[in-house]
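Here is the structure we will look at, set down as structure tokens.
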Amino acid sequence: MTVLKNCLLKNFQIVDFKNTSDIEQISLIIKDRKKKAEISFDIPLIDVIYFWHPAKGNKLNLVNEWEQELFTQLNYSMPIFTLLDSEGSNRYTICHDQDLRKVVLRTGVVEETAQIVFKFEFLADNGTDRINLRIDKKIQFFSDAIKRARNWIAQINSCIPLKTNEYAFDPVYSTWYSFHQAVSEKKINSQIPNFADYGLKTLIVDDGWQTDDLNRRYAYAGEWQVTKRKFPNFRNHIDTAQKEDIKYMLWLTVPYVGIKTQAYATFKNQLLYVDEFQKAGILDPRFPEVREYLVQTIDSLVDCYHVDGLKLDFIDSFIEKEPCHNEAMDTANLEEAVSRLLGQITANCLTKNDDFLIEYRQDYISPTICQYANMIRVKDCPENFVQNRIGIAELRLLCPYLAVHSDMIMFHPAVSALEIALHLLNCLYGVIQISVDLNQLRDDQKKIILFWLHYQQKNREILYKEDFFPMNPQNDYDCIQAGNEEFSIVTCYRSNKVIDLDLITWTRGIDLINATIVERLIFRNEKLIGRKVHMTCYDKFGNKISCGDYTIQSINEIVIDACGRIHLEME
């Protein structure tokens, strides 16, 4: 079926159209830049059960056409939209190449026709005249379809990622959930002696270092002066941490100028809007003076304190809520201005230090914006390890050149070691960030964290950099594999699920991890029935509990500790 053959166009002229059995691609030119341009088409709902896009959270249900309005732009989401069948396989993946402009999508089920409509609206006077749209109709694993779409967007926009930074793959201690804005030099120094035991090599000092205000808002953000009450000698404090081989990163929110700062008074007429809840204005980077201020302020901060990295937050707050153009702006395109700003910040930091660390987070994940970071973190989901797993799986697919990090792991002081293991295992395929008071942990809590952090780092090349295969998006990625021809790690996140090893590459060695509270793993393998393997079983703390030869059957049910591990080795 040709989806785009009967598409409806408004203010567009077709330049080129290509159609194969797998791919349709249309190239368009906007005829009048002063007017909105639209393209719409329908897809019959045949073998289509789920709808996925990068900012969908954990809801994949189809919606009515009058319910759903989505948008993508440079600093929010990515223009990939996928229709899946009941098994989570791709039926249609729709994407476009507009990374540097805001595009609105109106989509949903049309009741009268049992079709789903896609209507893309390209705003006037915003970005390039030429637009490319692509539909991948190949029935394939969800992850393969997303990779193909992601690569196409990056290639057509000539996106060049930063070089790989190995320090970005080191486990992190963050102060946010531990101390929130009550962070201080004294509190940080109390945690650092524990870092070596856990293999924690990077410290992120989050919000609070710049203010004595503890109200959790940003009335004092934007000038980035260290509070002497919390950090009497900040430079010396940082130097001391770095002598312990700790990379020291600082949080700051790029767009905000707090209403109680001098910067707010200076730039009050150069704001996108005022966020009353956060008690701060959002700077408009289309003004060159705004970009210069932000770049110089951040540059001075890095020079003064010799930090090793920055956690740049709230970049998705750069939003034009009402069209506003001013002769003092040097570009009318907000996305272009944000790109210039972030590009300059990154270039300056890397000039000072080739190994400088820059962390972004969901949902600013477009290929263009990801050129300016080497770390990407799951957006805040405190105590929600399922959402951490979902975020890591999707960021691994969407941002392949960045070190993907979990949201900071936190938990109640009274939880069991088993529950902590669930937190850790749900973050296994991303770099773990942890944010608890390490001095208050019980012995069993310490033991479980030590084991799984060390297991992750021992296998970091496999977990972070080899082939990555998250299965069943419709079930929150209830099984994930990473590996190469020698060794693979497969983790099951749903109790009593049959792991189908025929779907994945069976390698010489394989770890099957039971990331559930049921003491059982079940796997199916038709291809290797009768093959003999050596099986070793470990409990959740990594202690060996049994070993011996095992003959592969069609269905294999193995008793194993909750959050335990089975290692299989081919003869």
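Every read-out reported here was derived from the displayed coordinates using simple, explicitly stated rules and does not represent laboratory data. All values derive from a computational prediction rather than experimental measurement. Neighbour counts are summed over all protein chains in view; Cβ atoms, including those assigned to glycine, are modelled from backbone coordinates with ideal geometry.
Observations, loosely collected:
- Taking the inverse of the mean 1/r over every pair of distinct Cα atoms in the stretch 354-414 gives a Kirkwood hydrodynamic radius of 12.0 Å.
- Annotation: lysines with alpha-carbon distance below 25 angstrom to Lys186 (same-chain offsets under eight excluded): Lys201, Lys228, Lys230, Lys243, Lys247, Lys311, Lys446.
- Taking the stretch 444-489 and dividing mean pair separation by its residue count, relative contact order in percent (alpha carbons under 8 Å, at least six apart): 30 percent
- For the stretch 507-569, the fraction of alpha-carbon pairs in successive 5 Å shells from zero, as %: 4, 19, 30, 27, 14, 5, 0
- Sequence-distant lysines (8 or more away, or on other chains) whose Cα lies within less than 27 Å of Lys137: Lys5, Lys10, Lys18, Lys56, Lys59, Lys102, Lys119, Lys147
- Solvent-free Debye scattering, log10 I(q)/I(0), computed from the Cα coordinates of the stretch 214-313 at q = 0.13, 0.14, 0.23 Å⁻¹: -0.50, -0.58, -1.22
- Stokes-Einstein D for the stretch 408-482, Kirkwood Rh over Cα pairs, 37 °C, 0.692 mPa s (µm²/s): 245 µm²/s
- Estimated translational diffusion coefficient (Stokes-Einstein, Kirkwood radius over Cα pairs, 20 °C, 1.002 mPa s) of the chain: 85 µm² per second.
- Exposed loop sites here are chymotrypsin sites (Phe, Trp or Tyr not before Pro) assigned a DSSP state other than H, G, I, E or B and surrounded by at most 11 other beta carbons within 10 Å; excluding them, the longest clear run of the chain is 278-571.
- Alpha-carbon Debye profile of the stretch 151-217, log10 I(q)/I(0) at 0.16 Å⁻¹: -0.68
- When the inverse distances between all different Cα atoms of the stretch 276-336 are averaged and flipped, the Kirkwood radius reads 13.5 angstrom.
- P(r) tail for the stretch 294-391: Cα pairs beyond 19 Å make up 51% of the total.
- With eigenvalues of the C-alpha gyration tensor scaled by 5 and rooted, the stretch 400-552, Å: 27, 18, 15
- Here the mean projected area of the convex hull built on the C-alpha positions of the stretch 1-109 is 7.5 nm².
- Taking a straight Cα-Cα cut-off under 16 Å and skipping sequence neighbours fewer than 8 places away in the same chain, the aspartates and glutamates within cross-link reach of Lys544 are Asp511, Glu519, Asp561, Glu569.
- Relative contact order, percent, the chain [alpha-carbon distance under 8 Å, six or more residues apart]: 11 percent
- Kirkwood hydrodynamic radius over Cα pairs of the stretch 165-256, then Stokes diffusion coefficient at 4 °C and 1.567 mPa s, in µm²/s: 94 µm²/s
- When shorter helices are ignored and each DSSP H run of at least 4 residues is given -39500 (n - 2.57), the per-residue value for the chain at 222 nm works out to -7000 deg cm²/dmol.
- Placing a label point 7 Å from the Cα of Asp444 along the Cα-to-Cβ line, the residues of the stretch 515-540 whose backbone N sits under 18 Å from it are 516-519, 539-540.
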